[in-house]
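Peer 1: Here you go, one structure.
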Amino acid sequence: MTLPFEIHVFVFDSFKKKCLPKLIVDYERSPYINKGGYYFRLTFDKKIRGTKSNQLFNDSKKNQTFDCISGFTVLELKFDIAIPAWFQRIIQCYQLKVVSVSKYVLGADTLGLASDDEGK
């Protein structure tokens, strides 16, 4: 089996730069995908948790897990051409704002491995 080029680059860079896993970010995702018309996908990510780990596949039950943004859900929106009119109305009705959120950065910040000074 031939691995994709991206995997080779990742493995090479990991060894070259001595990159090792530091944390695992876990969350519950509910995806919704438009099946007709242009590509449009919504995902709701909740219960975002971080665990310190030096292994890629870790039994997180052995390590202490921390809630990253307890009580919040991240709405992720992806589309090809345009946001459908029905979702534009939801954005306007609830005055939703675009905010960049990295679940990895949330985990690193929560675990004290890095800080997100720009997002605060």
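Peer 1: Between residue 82 and residue 114, what's the calculated FRET efficiency when r is the beta-carbon distance and R0 is 35 Å? Round to 0.05.
Peer 2: Details: r = 35 Å, r/R0 = 1.00.
Efficiency at R0 = 35 Å is approximately 0.50.
Peer 1: Taking springs between alpha-carbon atoms closer than 10 angstrom, which of 39, 94, 104 fluctuates most in the Gaussian network model of the chain?
Peer 2: Largest GNM mean-square fluctuation: 94.
Peer 1: Can you give the Kirkwood hydrodynamic radius for the chain, in Å, rounded to one decimal and based on Cα pairs? Spell out each step's value before the answer.
Peer 2: Details: mean 1/r = 0.0583 Å⁻¹.
Every distinct Cα pair counted, the radius reaches 17.2 Å.
Peer 1: Let me ask something else. Can you give me the distance in nm between label points at residue 5 and residue 20, each placed 7 Å from the Cα along the Cα-to-Cβ direction?
Peer 2: Here the answer is 3.2 nm between the modelled labels.
Peer 1: How much accessible area does residue 46 have with a 1.4 Å probe, in Å² rounded to the nearest 10?
Peer 2: 90 Å²
Peer 1: When the chain is fully extended, how far beyond the present Cα-Cα distance does residue 96 get from residue 70, taking 0.36 nm per residue of separation?
Peer 2: Details: separation 26, 0.36 × 26 = 9.36 nm, distance 1.97 nm.
In short, 7.4 nm is gained.
Peer 1: Just reorder 48, 81, 90 by solvent-accessible area, largest first, 1.4 Å probe, all chains present. Don't skip to the answer; put the middle values down first.
Peer 2: On the way: 48 5, 81 110, 90 60 Å².
From most accessible down to least: 81, 90, 48.
Peer 1: Now, a different point. To the nearest 10 Å², what's residue 49's accessible area with a 1.4 Å probe?
Peer 2: Here the accessible area works out near 50 Å².
Peer 1: Just give me a number: lysine pairs in the range 23-96, eight or more positions apart or cross-chain, with C-alpha atoms less than 21 Å apart.
Peer 2: Numbers: 35/78; 46/61; 46/78; 47/61; 47/62; 47/78; 52/61; 52/62.
Taking the range 23-96 as the scope, the lysine pair count is 8.
Peer 1: Let me ask you something else. What 222 nm value per residue comes from the helices of the chain, counting each DSSP H run with n ≥ 4 as -39,500 (n - 2.57) and dividing by all residues, nearest 500 deg cm²/dmol?
Peer 2: The helix-only estimate for the chain comes to -7000 deg cm²/dmol at 222 nm.
The values are calculated or read from the model by the stated rules, or taken from the named source; none is laboratory data. Everything numeric in this text was worked out from a predicted model, so none of it was measured. Here the Cβ is made from the backbone with ideal geometry for all residues, glycine too, and neighbour counts use every protein chain on show. Protein only, heavy atoms only, side chains kept; ligands, DNA and RNA dropped before computing areas. Shrake-Rupley method; radii C 1.70, N 1.55, O 1.52, S 1.80 Å.
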